[in-house]
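Every read-out reported here was derived from the displayed coordinates using simple, explicitly stated rules and does not represent laboratory data. Keep in mind that what you see is a predicted model, and the values were worked out from it rather than measured. No Cβ is skipped: glycine too gets one built from the backbone with ideal geometry, and neighbour counts run over all protein chains shown.
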Amino acid sequence: MKQSPTPRRTQAERTRASREKIIRSATETFAQKGFRGAKMADIAKAANLTEPGLLHHFPSKTHLLMEVLKERDRIDSERMRATLQQNGNHLLEASIELVEHNQTVPGLVQLFNLLLAESISADHPAHEFFIERYQREREHWVQAITQAQQNGEVRADISAETLAILTFAMMDGLQVQWLMEPEKIDMSELYRVMMEMLRA
């Protein structure tokens, strides 16, 4: 019996596949070298493209950086939503599972912290991105914590706004210490201890 030929991918599918490969290569390169140290030529080589071929998809390193950050946020948001659903919308357990997952992807955690530190400088291309990201994520967490307080899951003697800020400080601080001493710092276990302190 004659097999039917494998259907050819459309131009849109090829373009999407190329962009995804570039973003993966850029993620790895930024994680290793930071934004300022990474070169477009390095990213193009990692993606098996010429530099002009890379620039066809992303006209500058800044454009590429923003896509990398947006993709990471998209994946994290989807994972958090799915985890909340699986845990019956229990915020503390869902956030613990998110930290446990982050411990399995040290390269992405390193990328985030490296770019975050660089972006403190006002002239960094991701400066506004991270400010807006913190504002947006704090707002989401305030809503989630408020709901958890109303459900009797989270202690209500501290405001949701304060708990949201402290939770981000704890997450980010643990990530830095874990990256520096992964053999001594158990990030997910320490985060779990802190979450238990927030239970109602």
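Note on the range 126-165: Cα convex hull, mean projected area over all directions, 2.5 nm².
By how many degrees, between 0 and 90 and to the nearest 10, does the Cα long axis of helix 11-37 differ from the longest principal axis of the chain? Relative to the chain, helix 11-37 is tipped by roughly 60 degrees.
All other residues whose Cβ lies under 13 angstrom from that of residue 129 are scored, Lys and Arg at +1 and Asp and Glu at -1, for a net of -3. Label zone (residue 180, point 7 Å along Cα-to-C-beta; backbone nitrogen cut-off 16 Å) within the range 121-152: none. For the chain, the direction-averaged projected area of the alpha-carbon convex hull comes to 15.5 nm².
Seen from residue 37, the other residues with C-beta closer than 12 Å to its C-beta sum to a net charge of +2, counting Lys and Arg as +1 and Asp and Glu as -1. By the Kirkwood approach, averaging reciprocal distances over each pair of separate Cα atoms, the range 61-136 gets a hydrodynamic radius of 13.5 Å. Taking the C-alpha atoms only, the angle from helix 61-86 to the longest principal axis of the chain is near 50 degrees.
Near residue 153: Cβ cut-off under 10 Å, other residues only, Lys/Arg at +1 and Asp/Glu at -1. The net charge is +1.
Based on C-alpha pairs under 8 angstrom that are at least 6 apart in sequence, the range 11-198 has a relative contact order of 20 percent. For the chain, the mean residue ellipticity at 222 nm estimated from helices alone is -25000 deg cm²/dmol, where every DSSP H run of n ≥ 4 contributes -39500 (n - 2.57) and the total is divided by all residues, rounded to the nearest 500. Each 5 Å bin, from zero up to the one with the longest distance, holds this percent of the alpha carbon pairs of the range 6-82: 3, 16, 25, 22, 15, 10, 7, 2, 0. Just to verify a number: FRET efficiency for residue 151 and residue 120, C-beta to C-beta distance, R0 = 35 Å, to 0.05? Computed FRET efficiency for residue 151 and residue 120: 0.45.
Taking the square roots of 5 times each eigenvalue of the Cα gyration tensor of the range 108-200, largest first, gives ellipsoid semi-axes of 26, 20, 8 Å.
Computed from Cα atoms, the angle from the helix 127-150 axis to the main principal axis of the chain rounds to 40 degrees.
Compute the FRET efficiency between residue 135 and residue 10 as 1/(1 + (r/R0)^6), taking r as their Cβ-Cβ distance and R0 = 30 Å, and round to the nearest 0.05. That pair, residue 135 with residue 10, gives E of 0.20.
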